[in-house]
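Before any comments, here is the structure.
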Amino acid sequence: MQTTAIPSPSDSVQRVIDALAALGHAERPVMLDAAARTAQQAADALGVALGQIAKSIVFRHVSSSRAVLVVCAGDRRVDEKAAAAQVGKLARADADFVRAATGFAIGGVSPVGHTQPPIALLDDSLWRFDRIWAAAGHPHAVFALQPDDLARWLAVQPSALSAPPELR
């Protein structure tokens, strides 16, 4: 794994650093030498299993136009119907909506540090691992955490929001 400290973070990465500090999380984000815009790229760069990447998928909540953040394991696909059953009708979110609603560009959406609080959902597939990695506000920035951290920070209980790869 090739990582470096973040000497002068961008505004979005700084928001994540500040959010993690406020949450009492000791592990600071690191910059990967290789881009990690996808879960597979992040897993390859970190030398971990694809499922250890906590990917953040953003939808648009139809009735409120708020961002709906679904965090799930990188080797899973979010079941949009399962997510909608919990929060109401969802629509796809384009890059402009994601940036406006979260403050992050696609490929760097962190589960914490959003400019506006999203409606959050958490897939139980992450609990297969003790240690997972999430984006930290930039396609090269990531941080380590445990699944229980996400449940506590997002104040949501995990539920089944995806299917294993062989069932897709």
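Structure above, values below:
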{"read-out": "Charge context of Ala49, other residues only, Cβ under 15 angstrom, K/R +1, D/E -1", "value": "+1"}
{"read-out": "Under 12 Å, Cβ to Cβ, from Gln86 - net charge with Lys/Arg +1 and Asp/Glu -1", "value": "-1"}
{"read-out": "Residue among Ala141, Ala91, Ala26 with the largest mean-square fluctuation in a Gaussian network model of the chain, springs linking Cα atoms under 10 Å", "value": "Ala26"}
{"read-out": "Dipole of the chain, positive direction: furthest Cα of Phe104, Ala83, Ala36, with charges on the beta-carbon", "value": "Ala83"}
{"read-out": "Ranked list, fewest to most other Cβ atoms within 10 Å of each Cβ, for Asp123, Asp94", "value": "Asp94, Asp123"}
{"read-out": "Of the chymotrypsin sites (Phe, Trp or Tyr not before Pro) in segment 113-155, those whose Cβ has at most 13 other Cβ within 10 Å and which sit in DSSP loop", "value": "none"}
{"read-out": "Over the chain: helical MRE at 222 nm, DSSP H runs n ≥ 4 each giving -39500 (n - 2.57), nearest 500", "value": "-7500 deg cm²/dmol"}
{"read-out": "DSSP beta bridges in segment 3-167 [antiparallel fraction, %, rounded to 5]", "value": "75"}
{"read-out": "Calculated FRET efficiency for the pair Ser64/Ala95, C-beta based, R₀ 22 Å, to 0.05", "value": "0.65"}
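Quick note: the coordinates plus some simple rules give every number you see, no bench work behind them. Note that the structure is a prediction, hence the values are computed from the model and not measured. For neighbour counting, all protein chains shown are included, and Cβ atoms are generated from backbone atoms with ideal geometry for every residue, glycine included.
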